[in-house]
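Below is one structure; the comments refer to it alone.
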4 protein chains.
Amino acid sequence: MLKVGLLGAGRIGQVHAVNIAGNLRSTLVAVADVYPEAAEILAAKYGAEARSVNDVLNDPDIDAVLIASSTDTHSDLIEAATAAGKAVLCEKPVDLSLERAKACLEAAAQTGKPVMIGFNRRFDPNFGALKAASAAGEIGKAELLSITSFDPAPPPVSYIKVSGGLFRDMMIHDFDMANFVMGDRPVSIRAVGSSIVDPEIGEAGDVDTAVVTMTYADGKIAVIKNSRRAVYGYDQRVELLGSEGLLQAENMLENTVVKSTTAGVASAKPTYFFLERYMPAYAVEWEAFVAAVLDGAPMPVTLEDGIAALAMAEAATESAKSGQAVEVTY
Amino acid sequence: MLKVGLLGAGRIGQVHAVNIAGNLRSTLVAVADVYPEAAEILAAKYGAEARSVNDVLNDPDIDAVLIASSTDTHSDLIEAATAAGKAVLCEKPVDLSLERAKACLEAAAQTGKPVMIGFNRRFDPNFGALKAASAAGEIGKAELLSITSFDPAPPPVSYIKVSGGLFRDMMIHDFDMANFVMGDRPVSIRAVGSSIVDPEIGEAGDVDTAVVTMTYADGKIAVIKNSRRAVYGYDQRVELLGSEGLLQAENMLENTVVKSTTAGVASAKPTYFFLERYMPAYAVEWEAFVAAVLDGAPMPVTLEDGIAALAMAEAATESAKSGQAVEVTY
Amino acid sequence: MLKVGLLGAGRIGQVHAVNIAGNLRSTLVAVADVYPEAAEILAAKYGAEARSVNDVLNDPDIDAVLIASSTDTHSDLIEAATAAGKAVLCEKPVDLSLERAKACLEAAAQTGKPVMIGFNRRFDPNFGALKAASAAGEIGKAELLSITSFDPAPPPVSYIKVSGGLFRDMMIHDFDMANFVMGDRPVSIRAVGSSIVDPEIGEAGDVDTAVVTMTYADGKIAVIKNSRRAVYGYDQRVELLGSEGLLQAENMLENTVVKSTTAGVASAKPTYFFLERYMPAYAVEWEAFVAAVLDGAPMPVTLEDGIAALAMAEAATESAKSGQAVEVTY
Amino acid sequence: MLKVGLLGAGRIGQVHAVNIAGNLRSTLVAVADVYPEAAEILAAKYGAEARSVNDVLNDPDIDAVLIASSTDTHSDLIEAATAAGKAVLCEKPVDLSLERAKACLEAAAQTGKPVMIGFNRRFDPNFGALKAASAAGEIGKAELLSITSFDPAPPPVSYIKVSGGLFRDMMIHDFDMANFVMGDRPVSIRAVGSSIVDPEIGEAGDVDTAVVTMTYADGKIAVIKNSRRAVYGYDQRVELLGSEGLLQAENMLENTVVKSTTAGVASAKPTYFFLERYMPAYAVEWEAFVAAVLDGAPMPVTLEDGIAALAMAEAATESAKSGQAVEVTY
């Protein structure tokens, strides 16, 4: 039984708490949050204790911590938790600074404790099936990858300002998805972006619509499309052209009902946002983490993976500014 | 908090146990089964006690019982449980004998305790959305209903022999679905059936493939198609033609991946069987029962509903033998 | 080069004229119609002559006639044309009277001239592909056939009155489709029908919504659903369950555009009616006729096929009245 | 009646001949080809005359010429034909040299004769419906366009060498599609390409897989993906994200049959190549040309449109080499 401390009792922390409690091989022992009441409410719901971060990290009975606090605390908490001997599952991104993230990797590596980064989409059954089919050679050699990833609505501009920008905050999921599906990392990146959805996002120095093109050493190409606004819901699709075929992972719909009237044929919309779409993926992600820790299997997503995605985000940010291709170094 | 005794620790009892334990307003107190070890294993998993049926029914602390034992015990247990003051959720069918089921209804009604019959498909989000759209008048007046309901593989012939026959055992779900979607009950029924899937099923006196046509007082028509074998999975579709359009609830697929190769375009199969397809529906069903009992709302599926479906099954059985239309009396 | 006389210059005659003229192995020589101006206009368009029926039949240069006149003339014209030595393609149905149709068959057979009945749907690429896949054993042995066939809007009641009724006028296409797909003919038929779309149709002695169930000697079952009104368009689907899978021929849509908005996901409607849906099928039908006549191949749809469908329509008409299963004799 | 001379009796010339002959307002008078026998065979089929190009251009009875000869003759023939007073429909591209194409435009403009460039895809009913929906504001303001355009198999390397390269030969259709759908032209273009399908194509100096990203003055973005090889067929899709929704034009399939077996759910492949997919579009294109000439309507695709697409192809070619964004001048 894995005894778990949860750092962060916000929306995503609550999702993780359900899975920690629901998994037969893990139990939620303690919750910490900068708002103690939030920690208390969540802890009470699952028979856990609200504590300070330090009390969580210093409790020798706790085997693992799940870091679901704000991005600027991730690196510090990874370092502190691994130093305290805990296994760690940390939400993405590792850090907004690539340099800081690399230092964190070095520190964590010295402890020898396992760290997993929470790229939840890798555990989506649709993307998983696509990856498995590609890995099994069902479409031959991969040649051209396309990722469509649109949010239903932009976050507040106040959030945009501290987010690190679209490439680090939103597209980072898609960079990791590309690495996951391709089993390879790009050598160069070209990005364009604009703030056509909301000029205020542009005034805040960010873009809300962007396309990134990536090339690989062996000639593969990948393209990622992001928009902060798809009014019909959360649009999450992956498409991979290979030498012997095409794989497409389509959206999940709210239901399977089709209505045909004089107005046309209408079906349900995609599930609205990441909680609806990826709720099952979060449970699978947690199972994978528990299994890796308890059974000593390799982490399915590593801290190195988190840093690779961050390096790609930095390259894209730079390319969007310079208008030139940027080589990525990992 | 609803305290629940579970009667029956088999496959479907296990499904219900998960939902009883997972619902924040209900708790599993006791489990009974003809195989005491089965009850013990299941009880232990959820911190409940294994008991005899009598001990469950006589425990004044238990508010409700969920009857998931074999069909031949349903009527007796409904009567005993309601007499003992429990609210009841009983798996379908009420009984294989319409007469016995009606006597059960009378006895239960005299206790005044609420009884719900577990027609889980009413709680499927797809069929629910279809029903809601029809009820909202989105396709005008209902005219022609089609239900396709195929199992992936036939059960053992030993089961067939005690099942009451396809119309009572399998199509009873579809009779209830027709009543649910139409909000009306048919006046006459015509049935044809054959044992084309497996002649042994015919030798056992049953059919494995059947089509039932039903007419309604106002001219509506419904048709139900059943097969015990659809090798590609559990095929569960409903289609309703109305004066202003068509509603179709399609199958749920294992995933959304589409593969295009020289061999054609391939997508995932329907979810394999009722546990995969209706797992979410069972949870919603349980929530509906808990809400009805605790909040005093009307039962969403009543014992009368169970008896109506059974009356339709009897009429269909008779029509399949006689080759004539049979009037249904409820 | 097949020299063709066209009898009937109405809507369906015009469709055939295009195909006769467009086929490189046939030429339109003459057109006859009860309205001579209609014949003249159509003839002029394709460089043919407007003539009387007798002048067409007596012209030794004409190899074949296409009968697209009103149903009550079909039997007489088939007999006269074959007696005059012409090959014949006649629109369905052969006749409204089964007895008369059988006499026509006998008379035509004695001339030894080939006669094809225009069941255009056999030449639809979708139904053709379904039939081919079934014939190739791709889903094992056929077990359960479902045909959905809805018109977009009912014809005028004045037409209904002379149509012979829904089973002879509309469902006759589906009876032939069942024979085509199954490669077998049913032994018994059960029908229900109502006039829920338009009570005036009921007052005229006909139904507008009907379901027919058919059983086969080896245990196969087929079900046909008809409605005179599907406001979203022409709904033409065939679905065949076999021992090793399911085949479905879905509707053709006006275009492939999908629109996703806050209101939902909308796609195009089915093509509106038979001219839109089956235009390519009419061309393929004509090619098949020309090939059969010029190359001496067997007719792909025979006069016997037309009579079989008519016998099934009669049985269905009788069953809908009596409420009993009716054995079909061919 | 428009009297037409056809220059070029190859594969695409034959497609046009069918449409010229089939259109009720045009007639094929003469055919010219560098292989006189090809011209004779095609002319004979439609009752036209085989002639030299000069004889076609000098015939005062000919109103219009359709240029379907090899690309290197297009500019010269447009100039000669307009100088001879003919209306012109010329296959794409105008020329492989942007400079030469611009000179051609100037020369043609001085004659005042109408010239249309054969971007057939604008007349595809699916793309047409998408464009119409966007133009009608059904998804608000256009923001992000994606075009997927894959050929089923690469042409011979010998063709590649004289083709002008993927951007001028293949993607030029997609550049025009972007201009058509967006109703706007991009200001800058970034391209990446590789020869991952066939290294010989790389050795010939071309790419076989490419992605182009384009930005617009108002912040819109477009991305075009090309591959010379999609083994499952001709993949032609357009997708437009707007402020109020998404429009997708999906592939056309060979038929609508779906087969479900233990192996999965299989549907038909996309129509194989451009002749299958765009045959109806070529007919509509010709109708549009005839209507423009006879009724004096504006040309639906102009020589300027052809030159714009060519300018974009040049910019993409340059960007793919330099790795930098290239500004497009029209």
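The values are calculated or read from the model by the stated rules, or taken from the named source; none is laboratory data. Quantities reported herein were computed from a predicted structural model and do not represent experimental measurements. Virtual Cβ from ideal backbone geometry, glycine too; neighbours counted across all protein chains shown.
Residues in the stretch B:217-229 that are under 16 Å from B:Ile147 (Cα atoms) and over 19 Å from the mean Cα position of the chain (by Cα): B:Lys220, B:Ile221. Entry remark, the stretch B:63-88: residues being in a helix (DSSP H, G or I) and among the small types (Gly, Ala, Ser) number 4 in total. Is the stretch A:296-307 home to any residue that is among the aliphatic types (A, V, I, L, M), in contact with a helix residue (DSSP H, G or I) (Cβ under 9 Å, 6 or more places away or on another chain) and within 18 Å of A:Met214 (Cβ to Cβ)? Yes. The set of residues in the stretch C:122-150 that are out of contact with any Ser or Thr (no Cβ under 9 Å at 6 or more places or on another chain) and among the charged types (D, E, K, R) comprises C:Arg122, C:Asp124, C:Lys131. Is the stretch C:279-300 home to any residue that is buried (at least 23 other Cβ atoms within 10 Å of the Cβ), under 30 Å from D:Met252 (Cα atoms) and touching an Asp or Glu at 6+ places or on another chain (Cβ under 9 Å)? Within the stretch C:279-300, not a single residue is buried (at least 23 other Cβ atoms within 10 Å of the Cβ), under 30 Å from D:Met252 (Cα atoms) and touching an Asp or Glu at 6+ places or on another chain (Cβ under 9 Å).
For the stretch B:150-173, the tally of residues that are within 14 Å of another protein chain (Cβ to nearest Cβ) and in contact with a Phe, Trp or Tyr (Cβ under 9 Å, 6 or more places away or on another chain) stands at 4.
May I ask you to list the residues in the stretch B:28-47 that are closer than 19 Å to B:Met1 by Cα and buried (at least 22 other Cβ atoms within 10 Å of the Cβ)?
Just the residues of the stretch B:28-47 that are closer than 19 Å to B:Met1 by Cα, to begin with: B:28-31, B:43, B:46-47.
B:Leu28, B:Val29, B:Ala30, B:Val31, B:Ala43, listed by residue number.
Taking the conditions exactly as written (over 19 Å from B:Thr148 (Cβ atoms) and modelled with pLDDT of 95 or more), does B:Gly202 satisfy them or not? Steps first, answer last, please.
Details: over 19 Å from B:Thr148 (Cβ atoms): yes; modelled with pLDDT of 95 or more: yes.
So B:Gly202 passes the test.
From the residues in the stretch C:291-317 that are among the charged types (D, E, K, R) and touching a residue at least 12 places away in the same chain (Cβ under 8 Å), which one is nearest to C:Ala109 (Cα to Cα)? Step by step, filter the stretch C:291-317, then rank; the result is C:Glu304. Has the stretch D:108-120 got at least one residue that is in contact with a Ser or Thr (Cβ under 7 Å, 6 or more places away or on another chain), part of a loop (DSSP other than H, G, I, E, B) and within 13 Å of chain C (Cβ to nearest Cβ)? Looking for residues that are in contact with a Ser or Thr (Cβ under 7 Å, 6 or more places away or on another chain), part of a loop (DSSP other than H, G, I, E, B) and within 13 Å of chain C (Cβ to nearest Cβ), one finds none in the stretch D:108-120, hence no. Taking the criterion of being under 17 Å from A:Phe289 (Cβ atoms), charged (D, E, K, R) and more than 16 Å from the chain's Cα centre (by Cα), the only residue of the stretch A:100-130 that qualifies is A:Lys113.
A search for C-beta distances below 8 Å between a residue of the stretch C:15-40 that is assigned by TED's automatic domain parsing to the domain that holds C:Ser70 and any residue that is part of a loop (DSSP other than H, G, I, E, B) and β-branched (Val, Ile, Thr), counting only pairs 6+ apart in sequence or on different chains, returns C:Val29/C:Ile62; C:Ala30/C:Ile62.
The residues on offer are B:Leu98, B:Leu105, B:Leu66, and the sole one that is of a type outside the set (D, E, K, R) and surrounded by 24 or more Cβ atoms within 10 Å (Cβ to Cβ) is B:Leu66.
Kindly indicate which of B:Val293, B:Val284 is under 30 Å from B:Asn19 (Cβ atoms) and either in the same structural domain as B:Tyr232 (by TED's automatic domain parsing) or within 18 Å of the chain's Cα centre (by Cα) (or both). B:Val284 is the lone residue from the list that is under 30 Å from B:Asn19 (Cβ atoms) and either in the same structural domain as B:Tyr232 (by TED's automatic domain parsing) or within 18 Å of the chain's Cα centre (by Cα) (or both).
Annotation note: Cβ proximity below 7 Å between a residue of the stretch C:90-117 that is closer than 28 Å to C:Ala17 by Cβ and a residue that is assigned to a loop (DSSP other than H, G, I, E, B) and acidic (Asp, Glu) (sequence gap 6+ or interchain) occurs for C:Ala101/C:Asp95; C:Cys104/C:Asp95.
Scanning the stretch C:303-318 for residues that are touching a Phe, Trp or Tyr at 6+ places or on another chain (Cβ under 9 Å) and either assigned to a strand (DSSP E or B) or within 14 Å of another protein chain (Cβ to nearest Cβ) (or both) turns up C:Ala315, C:Ala316. All of (1) buried (at least 21 other Cβ atoms within 10 Å of the Cβ); (2) modelled with pLDDT of 95 or more; (3) in a loop (DSSP other than H, G, I, E, B) hold for B:Ser134 with one exception: (3).
Residues are listed down the side, and each one gets a yes or a no for (1) part of a loop (DSSP other than H, G, I, E, B); (2) more than 14 Å from chain C (Cβ to nearest Cβ); (3) within 22 Å of D:Val293 (Cα to Cα):
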| site | (1), (2), (3) |
| --- | --- |
| D:Val4 | no, yes, yes |
| D:Ile12 | no, yes, yes |
| D:Asn19 | no, no, yes |
| D:Leu24 | yes, no, yes |
| D:Thr27 | no, no, yes |
| D:Ala30 | no, yes, yes |
| D:Ala43 | no, yes, no |
| D:Val56 | no, yes, yes |
| D:Asp61 | yes, yes, yes |
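Beta carbons closer than 9 Å, at least 6 apart along the sequence or on distinct chains, pair a first residue in the stretch D:247-268 that is at positive phi with a second that is part of a loop (DSSP other than H, G, I, E, B) for D:Gly264/B:Tyr232; D:Gly264/B:Ala268; D:Gly264/B:Lys269.
Given the structure, is D:Lys141 touching a helix residue (DSSP H, G or I) at 6+ places or on another chain (Cβ under 9 Å), at pLDDT 95 or above, more than 19 Å from D:Ala325 (Cβ to Cβ) and within 11 Å of another protein chain (Cβ to nearest Cβ)? It would help to see each step written out before you state the result.
On the way: touching a helix residue (DSSP H, G or I) at 6+ places or on another chain (Cβ under 9 Å): no; at pLDDT 95 or above: yes; more than 19 Å from D:Ala325 (Cβ to Cβ): yes; within 11 Å of another protein chain (Cβ to nearest Cβ): yes.
Criteria not met by D:Lys141.
Every listed requirement among (1) within 14 Å of chain A (Cβ to nearest Cβ); (2) over 24 Å from B:Ala320 (Cα atoms) is met by B:Val231 save one, (1). Applying the criterion of being free of Cβ contacts under 8 Å to residues at least 40 places away in the same chain, facing chain D (nearest Cβ under 9 Å) and not hydroxyl-bearing (Ser, Thr, Tyr) to the residues of the stretch A:207-218, the residue that is nearest to A:Met177 (Cα to Cα) is A:Val211. Note on the stretch D:137-162: among residues that are of a type outside the set (D, E, K, R) and assigned to a loop (DSSP other than H, G, I, E, B), the one that is surrounded by the most Cβ atoms within 10 Å (Cβ to Cβ) is D:Ile139. Consider C:Val94 carefully, then state whether it is within 29 Å of C:Met252 (Cα to Cα), under 21 Å from the mean Cα position of the chain (by Cα) and either assigned to a loop (DSSP other than H, G, I, E, B) or of a type outside the set (D, E, K, R) (or both). When the stated conditions are applied, C:Val94 passes them. For the stretch C:190-206, a tally of residues being more than 20 Å from B:Gly140 (Cβ to Cβ) and more than 10 Å from chain B (Cβ to nearest Cβ) returns 4.
One residue is enough: does the stretch A:240-263 have a residue meeting the conditions away from chain B (no Cβ under 12 Å) and modelled with pLDDT of 95 or more? Within the stretch A:240-263 (the criterion being away from chain B (no Cβ under 12 Å) and modelled with pLDDT of 95 or more), the answer is no, since none of the residues qualifies.
Scanning the stretch D:53-71 for residues that are within 18 Å of D:His173 (Cα to Cα) and at pLDDT 95 or above turns up D:Ile67, D:Ala68, D:Ser69.
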